[in-house]
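The values are calculated or read from the model by the stated rules, or taken from the named source; none is laboratory data. Nothing here was measured: the structure is a model prediction, and the numbers come from that model. Cβ: placed from backbone, ideal geometry, glycine included. Neighbour counts: every protein chain shown.
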Amino acid sequence: MACFLVPAAVAVVTTVCARWIPEKYHIGWLNVMLWSVVGALAVEHFWSGEVVPWFPFLTAMATPGDTSVMLNEMATIGGAMLICTVAIWAILVLVYGKYAEVSKSGSAA
């Protein structure tokens, strides 16, 4: 329903704060990953009719009973997607850091 809003919120924050985050963390990679997830899910939700171009934009918000289901989905599914995306990014940064370290020490010899 609205699970893509959780990574979207983090993507907005990381995009705004990117200039203050050191380059070694490759925050640009995380931004690309998050915005890709948000874009793909927004298209999918629009395609399935869960997101509409008129107010309230999310069909789950049309009735008060569906709002609690939507918030639960945001917390569980959206949170899980965010955690997985950040975990993959962290692994990529760690592996790249190790590879760059080995590459520097190998070229110096």
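When the stretch 56-75 is filtered for residues that are among the hydroxyl-bearing types (Ser, Thr, Tyr) and in contact (Cβ under 8 Å) with a residue 40 or more places away in the chain, only THR59 remains.
A quick yes/no check of all residues on (1) assigned to a loop (DSSP other than H, G, I, E, B); (2) in contact with a Leu (Cβ under 9 Å, 6 or more places away or on another chain):
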residue	(1), (2)
ALA11	no, yes
ARG19	no, no
TRP35	no, no
PRO53	yes, no
GLY65	no, no
SER68	no, no
ILE91	no, no
TYR96	no, no
ALA100	no, no
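Just one of the numbered conditions (1) free of Cβ contacts under 8 Å to residues at least 12 places away in the same chain; (2) closer than 30 Å to TYR96 by Cβ; (3) loosely packed, with under 12 Cβ neighbours inside 10 Å is not true of PRO53: (2).
Being exposed (fewer than 14 other Cβ atoms within 10 Å of the Cβ), at pLDDT 95 or above and part of a helix (DSSP H, G or I) is a description that does not apply to VAL43. Could you please give the count of residues in the stretch 76-105 that are touching a residue at least 24 places away in the same chain (Cβ under 8 Å) and either touching a strand residue (DSSP E or B) at 6+ places or on another chain (Cβ under 9 Å) or aliphatic (A, V, I, L, M) (or both)? Within the stretch 76-105, residues that are touching a residue at least 24 places away in the same chain (Cβ under 8 Å) and either touching a strand residue (DSSP E or B) at 6+ places or on another chain (Cβ under 9 Å) or aliphatic (A, V, I, L, M) (or both) number 7.
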